[in-house]
Amino acid sequence: MAQESHIDPNNLPQHIAVIMDGNGRWAKNHNKVRVFGHQNGVQAVREISEGAAELQIPYLTLFAFSKENWNRPAFEVNTLMKLFVKTMDKELSTLNKNNIRLNAIGDVTSLPKETYKALLKGMQATSHNDGMVLTLALNYSSRWEILSAIKKYGTMVKNGEIKPELIDEEFFNGLLETSDMPDPDLLIRTSGECRVSNYLLWQLSYSELYFTDVLWPDFNKSHLHEAIRTYQNRERRFGLTGEQLINS
Ligand code: IPE
Ligand code: IPE
Ligand code: MG
């Protein structure tokens with residue numbers, strides 16, 4: 001693939017987080033109802049997952065449904081929940097073909113039973129894969145995640161399992177939904193919105209942010225490659241000066 005050849009295999013993001021946005025506007029542009037946009041967003045999920053796996057990106061985390069999204073019209077929410085079930089069933093063979101392990105973050109046990117069951121089935125059916133970890137953020141919000149971590153921590157302190165002064169970043173990371181993955185190197189948000197919408201607030205501390213006007217159902221492999229190339233041209237300083245980086 002010509003475009004892939006411009007990607008430096010030695011400087012790949014180890015973790016890409018994505019806010020898949022713009023399904024509703026995509027549908028509107030096609031004179032269709034919003035859920036048509038969600039239905040068409042599925043093939044972008046397939047394409048980006050496959051594209052990231054081909055590049056051997058270890059972790060891809062997709063924001064699929066936020067806690068705030070429950071406030072949308074009931075028809076849209078119900079259709080989305082059913083779409084997750086249908087998609088999970090349909091995509092299992094593609095996930096296995098690409099050696100992808102399915103994972104989830106968020107308040108998943110509070111999802112409708114059928115959606116939760118489909119998610120568990122998907123995670124179980126791909127648990128033997130040792131390629132890319134594809135995490136779906138479902139019924140997720142970052143403030144919920146941080147508060148849940150603080151509650152766990154409070155219980156541990158109360159039970160005498162940890163001294164308050166011993167808490168550090170590593171320990172706190174361990175209490176988050178993302179405890180078993182590195183922080184995202186790159187965040188991609190489609191549809192031209194430039195905000196993080198309660199997504200991975202702690203984990204994005206030093207991520208490179210990439211915003212594109214492309215609406216999610218139109219986002220394809222070459223858009224993914226473009227985002228990665230942009231990432232590779234950024235200078236990540238982590239508080240140092242540019243001169244320090246050159247001399248290191
Ligand atoms: C993202 O697309 C999908 C979800 C939030 C589930 P939107 O549905 O937010 O699309 P817009 O932002 O209304 O265009
Ligand atoms: C964020 O998109 C959530 C997901 C992509 C699932 P939204 O479209 O819900 O975000 P806001 O509300 O416009 O910020
Ligand atoms: Mg949106």
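Within the stretch 57-77, none of the residues are open to solvent by 20 Å² or more (accessible area, probe 1.4 Å), assigned to a helix (DSSP H, G or I), touching a Leu at 6+ places or on another chain (Cβ under 7 Å) and within 16 Å of ligand 2 (Cβ to nearest atom). Quick check on the stretch 101-112. Is at least one of its residues crowded, with 19+ Cβ neighbours inside 10 Å, of a type outside the set (D, E, K, R) and assigned to a loop (DSSP other than H, G, I, E, B)? Yes, some residue in the stretch 101-112 is crowded, with 19+ Cβ neighbours inside 10 Å, of a type outside the set (D, E, K, R) and assigned to a loop (DSSP other than H, G, I, E, B).
Looking only at the stretch 26-49, which residues are away from ligand 2 (no atom under 13 Å from the Cβ) and within 17 Å of A137 (Cα to Cα)? Hits for the stretch 26-49 are V42, R46, I48, S49.
I need the full set of residues from the stretch 37-68 which are more than 20 Å from L134 (Cβ to Cβ) and within 11 Å of ligand 1 (Cβ to nearest atom), in order please.
Of everything in the stretch 37-68, those that are more than 20 Å from L134 (Cβ to Cβ) and within 11 Å of ligand 1 (Cβ to nearest atom) turn out to be G37, E68.
Do the conditions hold for R229, that is, is it more than 14 Å from ligand 1 (Cβ to nearest atom) and either open to solvent by 40 Å² or more (accessible area, probe 1.4 Å) or assigned to a loop (DSSP other than H, G, I, E, B) (or both)? Spelling it out, R229 is indeed more than 14 Å from ligand 1 (Cβ to nearest atom) and either open to solvent by 40 Å² or more (accessible area, probe 1.4 Å) or assigned to a loop (DSSP other than H, G, I, E, B) (or both).
What number of residues in the stretch 113-149 are exposed (fewer than 12 other Cβ atoms within 10 Å of the Cβ) and in a helix (DSSP H, G or I)? Within the stretch 113-149, residues that are exposed (fewer than 12 other Cβ atoms within 10 Å of the Cβ) and in a helix (DSSP H, G or I) number 4.
If a residue has to be assigned to a loop (DSSP other than H, G, I, E, B), free of Cβ contacts under 8 Å to residues at least 40 places away in the same chain and either farther than 12 Å from I19 by Cβ or open to solvent by 40 Å² or more (accessible area, probe 1.4 Å) (or both) to count, how many in the stretch 163-212 make the cut? So the answer is 10. Applying the set (1) within 16 Å of ligand 2 (Cβ to nearest atom); (2) surrounded by 21 or more Cβ atoms within 10 Å (Cβ to Cβ); (3) part of a helix (DSSP H, G or I) to A52 leaves exactly one unmet item: (1).
Evaluate the following for S222: is it over 30 Å from I162 (Cβ atoms), hydroxyl-bearing (S, T, Y) and in a loop (DSSP other than H, G, I, E, B)? For S222, the condition - over 30 Å from I162 (Cβ atoms), hydroxyl-bearing (S, T, Y) and in a loop (DSSP other than H, G, I, E, B) - is not met.
The residues listed here are R72, R34, R25; of these, the one that is within 16 Å of ligand 3 (Cβ to nearest atom), touching a residue at least 60 places away in the same chain (Cβ under 8 Å) and charged (D, E, K, R) is R25.
Evaluate the stretch 63-73: report whether one residue or more is touching an Asp or Glu at 6+ places or on another chain (Cβ under 9 Å) and over 21 Å from E145 (Cβ atoms). Checked against the condition, which is being touching an Asp or Glu at 6+ places or on another chain (Cβ under 9 Å) and over 21 Å from E145 (Cβ atoms), the stretch 63-73 yields no hits at all. The residues of the stretch 189-213 that are among the β-branched types (V, I, T) and within 13 Å of ligand 1 (Cβ to nearest atom) amount to a single one, T190. Scanning the stretch 75-114 for residues that are under 26 Å from H15 (Cα atoms) and without any contact (Cβ under 8 Å) to a residue 24 or more places away in the chain gives K90, S93, K97, T109.
Test M20 against the stated conditions and say whether it is modelled with pLDDT of 95 or more, within 11 Å of ligand 1 (Cβ to nearest atom) and open to solvent by less than 20 Å² (accessible area, probe 1.4 Å).
The answer is no for M20.
The values are calculated or read from the model by the stated rules, or taken from the named source; none is laboratory data. Model, not experiment: these values are computed from the prediction. All Cβ positions, even for glycine, are placed from backbone atoms using ideal geometry, and neighbour counts span all protein chains on display. The protein model used for the area step is the full one, side chains on, heavy atoms only, and it has no ligands, DNA or RNA in it. Shrake-Rupley method; radii C 1.70, N 1.55, O 1.52, S 1.80 Å.
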